[in-house]
Amino acid sequence: MNHFFHKAHKEISRAGRILLVTHLNPDGDAIASVCAMIDYLESGNKKYLAFCHTPVPEIFKSIPHADKIKNSEEIFFDVDKPINNFDLILVFDCAEKGRTAIARLIGKRPLSQKVIEFDHHPGVENYAEIELRDPQASSTTEIVYNFLKAGGIKISPKAATCILTGIIADTGAFLYPSATLKTIKIGSEMLLSGACHAKIVDKFLRNKSLTALKGWGNILDKMLINRQYNIAVAVLTHEEYVEKNISEEAYEGLSGFISNLSGVRAVLFLRQTEPEIIRGSLRTALPSGDVSALARILGGGGHKKAAGFSFKGRLSSAGSDGWIIA
């Protein structure tokens, strides 16, 4: 892996202008990864533009440099032409370029323009010249940390905050199986580098309003267990989402929370915050469990212990018998 890290450092050092991209509906790990890289690029006075098609969720706006991530395509290229204003594209937390929302433009890029992918998800699509991928890593921010260390880069307090935030977001504050001994050591190093664990936890984990918790309670109250497969299923229909008037961000972390349910093989959280799109999050705590296989069948992907998917459809409540997907 160090060979690829050094190749990536070389490409970044000689690039004149760099585009940073992450996926639609970004989570804490995705935003924190981009922000940690922004800190590194700014320390070297590199010209860059950070882009996410979906605006940064309010909960993540306090991450250092998050205010520099733009979400308007028109500010940096003509959508009818290849992305020719950049020498290099860095993609974070995207196993598939389609999740960037600019896949068509990336596909039409000049031959001289390279893509470097930073990701901790299993590979799905080969679209980058350099893949910095480690499915055993806790998060993409851990990959960014390894990249910085391979280059002998001193991690600033802001970068340390970004890295620790991403790790906390993707490991449930070191509670999920993805948090390895190495992950914990990195977290300790980030504390020594200036990150504040208490502030990060307060901001991203202890942030639920009474309204949001009542929304969680409504979902938990209706949660069912499929006894045939021993999978717990929680559902948020679009009607409920509109009626409760709770932001989508408020449901962040619910999948991880219900994964603590004992006596089941896995948990599934289905939600419809858009009229015709169903999103699903799968979690398992079983040592031999693998929910990524089911996610791939449904058009998604992820890790063995945590995966997700989305498809077109509608969720309808069917009383105590369950839910209907149309």
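The values are calculated or read from the model by the stated rules, or taken from the named source; none is laboratory data. As the structure is a computational prediction, the values presented were derived from the model and not from experiment. All Cβ positions, even for glycine, are placed from backbone atoms using ideal geometry, and neighbour counts span all protein chains on display.
Before moving on, here are some points about what is shown:
- Only one entry of Ala36, Ala137 meets the criterion of being assigned to a helix (DSSP H, G or I), of a type in the set (A, V, I, L, M, F, W, C) and at pLDDT 90 or above, and that entry is Ala36.
- Qualifying residues in the range 1-54 (those that are of a type in the set (Asp, Glu) and touching a Pro at 6+ places or on another chain (Cβ under 9 Å)) - the one nearest to Ile278 (Cα to Cα): Asp27
- Residue list for the range 272-304, restricted to those being assigned to a strand (DSSP E or B), more than 21 Å from Cys94 (Cα to Cα) and not hydroxyl-bearing (Ser, Thr, Tyr): Gln272, Glu274
- Single residue of the range 1-29 satisfying the filter (within 30 Å of Gly280 (Cβ to Cβ) and of a type in the set (S, T, N, Q)) that is surrounded by the most Cβ atoms within 10 Å (Cβ to Cβ): Thr22
- Scanning the range 305-321 for residues that are in contact (Cβ under 8 Å) with a residue 60 or more places away in the chain, surrounded by fewer than 20 Cβ atoms within 10 Å (Cβ to Cβ) and assigned to a strand (DSSP E or B) returns Ser316, Ser317.
- Qualifying residue in the range 81-94 (condition: at pLDDT 95 or above, acidic (Asp, Glu), out of contact with any Leu (no Cβ under 7 Å at 6 or more places or on another chain) and buried (at least 18 other Cβ atoms within 10 Å of the Cβ)): no
- The requirement of being in contact with a strand residue (DSSP E or B) (Cβ under 7 Å, 6 or more places away or on another chain) and closer than 24 Å to Gly299 by Cα is satisfied by Phe118.
- Complete set of residues in the range 107-132 that are part of a helix (DSSP H, G or I) and in contact with a Ser or Thr (Cβ under 7 Å, 6 or more places away or on another chain): none
- Within the range 165-184, restricting attention to residues that are β-branched (Val, Ile, Thr) and within 8 Å of Ser138 (Cβ to Cβ), the residue that is surrounded by the fewest Cβ atoms within 10 Å (Cβ to Cβ) is Thr180.
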